[in-house]
Amino acid sequence: MLHWETYNRDQDQALHDYDRAMIETGIYEGRQVPVPGQPGQIEEYGWLEHSARRVSQPTRAFLRQVLLSQGFELK
């Protein structure tokens, strides 16, 4: 599936509202994660921070070469 999307800076408030609504449901209660680079340190955070951390690291970088080898033209 291919999506042509762009980042909309005007959606920041909607994202924060969503995160707050999810926190209010209690879905994040007890979700604790290690603090990167600080052994033994644990912190709690919501969806926005989790998503930001998740996408900040490259994953599956090999897929670009696979797609190029299959004839997809990538910029």
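The values are calculated or read from the model by the stated rules, or taken from the named source; none is laboratory data. Because the structure is a prediction, the values reported are computed rather than measured. Cβ placement follows ideal geometry from the backbone for every residue including glycine, while neighbour counts extend to all protein chains displayed. When the accessible area is computed, the model is the full protein with side chains, heavy atoms only, and any ligands, DNA or RNA have been set aside. Shrake-Rupley method; radii C 1.70, N 1.55, O 1.52, S 1.80 Å.
Odds and ends about this structure:
- Number of positions in region 40-75 that are more than 30 Å from E29 (Cα to Cα), open to solvent by less than 100 Å² (accessible area, probe 1.4 Å) and over 20 Å from the mean Cα position of the chain (by Cα): 6
- Residue list for region 1-48, filter: in a loop (DSSP other than H, G, I, E, B) and touching a strand residue (DSSP E or B) at 6+ places or on another chain (Cβ under 9 Å): Q32, V35, G40, Q41, E44, Y45
- Region 25-75, residues that are acidic (D, E) and over 23 Å from D12 (Cβ atoms): E29, E73
- Contact map, region 52-75: residues that are outside any loop (DSSP other than H, G, I, E, B) paired with residues that are aliphatic (A, V, I, L, M), Cβ distance under 9 Å, separation 6+ or inter-chain. Pairs shown: R53/V33; R64/L74; L67/L74; L68/L74.
- Among the residues of this structure, Y7 counts as one that is of a type in the set (F, W, Y) and either surrounded by fewer than 12 Cβ atoms within 10 Å (Cβ to Cβ) or touching a residue at least 40 places away in the same chain (Cβ under 8 Å) (or both).
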